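Reading through the structure tokens given below for one structure.
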Amino acid sequence: MKNTPTHLKEILKTIDGTSGQIICTCGARDFGVRYCGEPRGGMVGFKKCGSKYALVVNAFCNGCGKSWELFDNAKHSYNGLICGEGITAPADMTRLCPECGGSLFEIEMSVDIEDEQQFIEEVVEMPPSGMSFVPEDHIDVWDWVVIDLKCSGCGKTIESWVNAELS
Ligand SMILES: [Zn+2]
Ligand SMILES: [Zn+2]
């Protein structure tokens with residue numbers, strides 16, 4: 001899809017370009033989930049690191065072992081990247097199912113990408129110092145991200161495990 005974010009093109013199976021299920025290039029749908037963030041009542045939000053904010057989610061394919069970066073606040077968010085509020089931190093926490101303790105999940109992901117015209121006016125024409133962007137980059141700068149998990153073991157769903165405003 002034309003508007004699917006670059007780093008998700010191979011793995012986000014989508015009809016609208018920006019929401020759908022994560023399926024590995026090997027065909028598997030079950031992933032281990034590792035992250036960096038602040039756990040909040042079963043969900044996860046930004047972790048404050050000094051004056052910056054970290055939120056990183058990676059998926060590890062149970063079929064072929066490949067690891068995929070799903071979201072990094074420092075790289076994929078308007079506030080994180082354009083406003084410089086994001087920081088990359090190691091995804092060293094493992095998400096487990098609260099019901100059965102399982103560590104494999106099916107993953108649904110939905111992102112709001114920046115409006116192209118607004119991106120051109122606010123970012124392409126006035127980039128943050130030391131950075132430069134082209135209009136196509138708007139698909140990789142997000143205003144919102146939602147990640148839902150479904151335990152592969154018991155079917156428990158964790159809706160909006162990540163539900164983060166990014167602009
Ligand atoms: Zn795989
Ligand atoms: Zn479970």
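Taken together, the values in this text are just the output of simple stated rules run on the coordinates, not laboratory data. Model, not experiment: these values are computed from the prediction. Reconstructed Cβ throughout: ideal geometry from the backbone, glycine too, with neighbour counts over all protein chains shown.
Values as computed for the structure displayed
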{"read-out": "Links that overshoot a 20 Å alpha carbon limit, given the list Lys66/Lys156; Lys13/Lys150; Lys13/Lys48; Lys9/Lys66; Lys9/Lys47", "value": "Lys66/Lys156; Lys13/Lys48; Lys9/Lys47"}
{"read-out": "Semi-axis lengths (Å, descending) of the ellipsoid that matches the C-alpha gyration tensor of segment 6-162", "value": "28, 18, 13"}
{"read-out": "Any cysteine of the chain lacking a neighbouring Cys Cβ under 4.7 Å - listed by number", "value": "Cys36, Cys49, Cys83"}
{"read-out": "Spin-label model distance (nm) - Val134 vs Cys100, 7 Å beyond Cα toward Cβ", "value": "4.7"}
{"read-out": "17 Å Cα-Cα reach of Lys52 towards lysines, excluding residues that sit fewer than 8 places from it in its own chain", "value": "Lys75"}
{"read-out": "Gained length - Lys48 relative to Cys83, 0.36 nm times residue gap less alpha-carbon distance", "value": "11.1 nm"}
{"read-out": "Computed over segment 106-167, Kirkwood Rh from alpha-carbon pairs, angstrom", "value": "13.3"}
{"read-out": "The chain: most fluctuating residue of Val57, Val134, Val124 per GNM, C-alpha cutoff 10 Å", "value": "Val134"}
{"read-out": "Extension gain (nm, one decimal) between Glu165 and Asp92, 0.36 nm per residue minus Cα-Cα", "value": "24.0 nm"}
{"read-out": "Pair Cys154, Arg40: separation of 7 Å Cα→Cβ label points (nm)", "value": "2.5"}
